[in-house]
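One structure below.
No lab work stands behind these numbers, since they all come straight from the coordinates. What you see is a predicted model, and the numbers here were worked out from it, not measured in a lab. Neighbour counts run over all protein chains shown; Cβ positions are idealised from the backbone, glycine included.
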Amino acid sequence: MGAFLSQAMAKTSPPSSRRRKRSVMRRNAAGSRGRSLWARVRAPLLALLLVGLGAGLTWLVWLDVQIRDRFEGQRWAVPARVFARPLVIEPGAWLRPEHLVETLRLLRYRKVARVREPGEYRRAGDTVYLYTRGFPFPADTAPELLARVDFADGRVVRLREALTGRALELVRVEPVPIASIYPASREDRILVRLADVPELLIQALLVVEDRHFYTHHGLDPMAVLRAAWANLRAGRTVQGGSTLTQQLVKNYFLSNERTLRRKLNEAAMALLLEAHYDKDEILEAYLNEVYLGQDGRRAIHGFALGAQFYFARRLGQLKPEQIALLVGLIKGPSYYNPRRHPQRARARRDLVLTLLEREGVLSAREAAEARGRPLGVTAKAPGGSTPYPAFIQLVREQLHRDYREEDLRGEGLMVFTTLDPLLQHRAERAVTQRLKALERARGIEAGTLEAAVVVMQPRSGDVLALVGGRRPGYAGFNRALQARRPVGSLIKPAVYLTALEEPAHYTLATLLDDTPFTVQLGGGKRWSPRNYDRKGHGRVLLIDALARSYNVATARLGLDLGLRRVVRTLQRLGLERRVDPFPSLVLGAVDLTPLEVARLYQPLASGGLAPEPRAVLAVAGPDGRLDRRYALKIRRVAEPVPVYLVETAMQEVVRTGTA
């Protein structure tokens, strides 16, 4: 009965009540379905979140490892710098004022009306005033010095300090840089410590590039917002918001690609870099890394090299307007290149000076004076490639005995060589002029003939000049070191030295037989030496046989002495190449390079002493401390008397012989 009543009541319930029940049922069903959907997706979402966190942490750890691996080791591959022999000015030294001025020009000294600063000079007749820059030599540091040099008859007659008149014993001018041995990246820089950087440069850098450097932690959100607003108002990119730390990360660790991934890496690495290293270390790295220009394939990095590249000055010698220009170049080294776009560069420099004035770094007077000065950039940038490739090849060959190639390319070594730049230039001019004259005189097609030159100091073996061909700056086939040619009569002094070392049998007055003869060789061959004039001269004095270069007399003498004895003499004189004792050897049927011939003649020019050829004097580390000194290696290979007699006979070649 109760059930029947309930069913009857349900059937007679109003429609509104039934709708409310269905709504409640739908909500309950929806809630049930929602709970079941969350239950289904909760685990995958949590898994994805964990994977994302893991990937993010892995990414950060990987970036952290990259930063510490590169930043805690050797940060840069710094090329070795190769220098010529420094010019030493002493009273009594053979030196002309024009030669001193030529050296100063090679060093990019500035000719001025009044010498006031390092790197300037003035010539007044036979007097030269110069203000040396100073230089960290391996043994000591040459100071900056304002000197007066007086000349007469091709000599230095007086050497004094220009201001006080105090007599000076010597003045060392810094050596001419002649080459760099670059790493594969072709990046060039001179490392500098933060303590050696002018305070004005640091202040200017922070004012222009990152005013909150010492307060932010790698990122500066306010700077980003200011830059975004400025760019929005201008309708183009006119301002950047990157901190110095971000710029360092981008230049040192990352590429220049403009992608979101690179920007994220940059931001994260900037934060990590700031977490591991203090501000001064980051600032020092930035000062050495910043890109300031291009010289052909060579990239100019760091303010120290920038100072040399643009102003031929050391960093500590820069004036306020020069510092402002270098800081201004950071924004666009190519766009503001002062040699190509001086007006742009000056406007940018003046803007930096105005900012320094506004921030109180410079007074109004200092800023106005700086804006009124010219750019002061040297007219020509120093070339990135060496003008002396033939000599540098010899330098590298000698260095490779003690240094690996990667050391030369990356350790920042300072290599001091024996090259005399003035003598080198004279040798190059002599080759060019003489070859042209020979081609005109003989009717030979222009550019056909080739030559090589080796100039060595007799007693030390120092290679003072070396020309590898008629195009001295061409880094191709080096004839001075690689061209083996028959030496001909150049070998004859060794034959006569062998004879004169037996004074009981041979003197300069000994009579030699110059009549033709024939030697029977193996295999039915014969050898019949002939004189240049195709004549025999009978009995001739030994001194005349050498002075007139008689082949027949020399051949007889060599055979009488014994070919093996002549070979031993050649080896004593310095010949390292193996030669066979054939009769034609005594007339120069042996192929040698110009350097080998020069080495053979060293003992004849030094009284019997045989110094090893030397192109490197010393090697220092990037801090100037001596790493290795290349001492003289001299041995006596002949007694002075027979060497003197050979030298006397060779002088007759010029006076009365075939020269």
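Results, tabulated for the structure shown:
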quantity: For ASP544, ASP514, ASP126, ASP623, order by how many other beta-carbon atoms lie within 10 Å, fewest first; calculated: ASP623, ASP126, ASP544, ASP514
quantity: GluC sites (Glu not before Pro) within the range 350-424, DSSP loop, no more than 12 other Cβ atoms inside 10 Å; calculated: none
quantity: Cβ-defined net charge surrounding ARG155, 12 Å radius [Lys, Arg +1; Asp, Glu -1]; calculated: -2
quantity: Part-to-part distance (alpha-carbon centres) for the range 116-140 and the range 420-453, which is given in Å; calculated: 33 Å
quantity: Gyration tensor (alpha-carbon) shape descriptor, the range 142-214, a/c threshold 1.5; calculated: oblate
quantity: Neighbour cut-off at most 11 other Cβ (10 Å), DSSP loop, GluC sites (Glu not before Pro), the range 112-219; calculated: GLU169
quantity: Proxy reagent accessibility, fewest Cβ within 10 Å first, across VAL552, VAL207; calculated: VAL207, VAL552
quantity: Total formal charge among the other residues, if their Cβ is under 9 angstrom from that of GLU612, Lys/Arg +1 and Asp/Glu -1; calculated: +4
quantity: Cross-link table LYS380/LYS436; LYS492/LYS535; LYS250/LYS331; LYS250/LYS319, entries beyond 21 Å C-alpha to C-alpha; calculated: LYS380/LYS436; LYS250/LYS319
quantity: Extended-chain gain in nm, criterion 0.36 nm per residue less alpha-carbon gap, THR510 and ARG655; calculated: 50.2 nm
quantity: Point-to-point label distance, GLU612-TYR214, nm (Cα→Cβ direction, 7 Å offset); calculated: 5.4 nm
quantity: Residue-wise HN-Hα coupling along the range 194-206, computed from phi with Karplus coefficients 6.51, -1.76, 1.60 (Hz; x: Gly, Pro); calculated: 4, 5, 9, 8, x, 4, 4, 5, 5, 5, 5, 4, 5
quantity: Efficiency of FRET from Cβ geometry, ALA379 and ASP580, R₀ 60 Å, rounded to 0.05; calculated: 0.55
quantity: Surrounding net charge for ALA80, when Lys and Arg each add one and Asp and Glu each subtract one, Cβ distance under 9 Å; calculated: 0
quantity: Extension reserve of the LYS111-GLU169 stretch, reckoned as 0.36 nm per residue once the Cα distance is removed; calculated: 18.4 nm
quantity: Cα gyration tensor shape for the range 485-655, rounded if a/c is under 1.5, else prolate or oblate; calculated: prolate
quantity: The range 275-325: trypsin sites (Lys or Arg not before Pro) in DSSP loop, at most 16 other beta carbons within 10 Å; calculated: ARG297
quantity: Ranked THR386, THR656, THR132, criterion: other C-beta atoms within 10 Å, fewest first; calculated: THR656, THR386, THR132
quantity: Label-reachable residues, the range 576-599, where backbone N falls under 18 Å from a point 7 Å from THR518's Cα toward its Cβ; calculated: 583-584
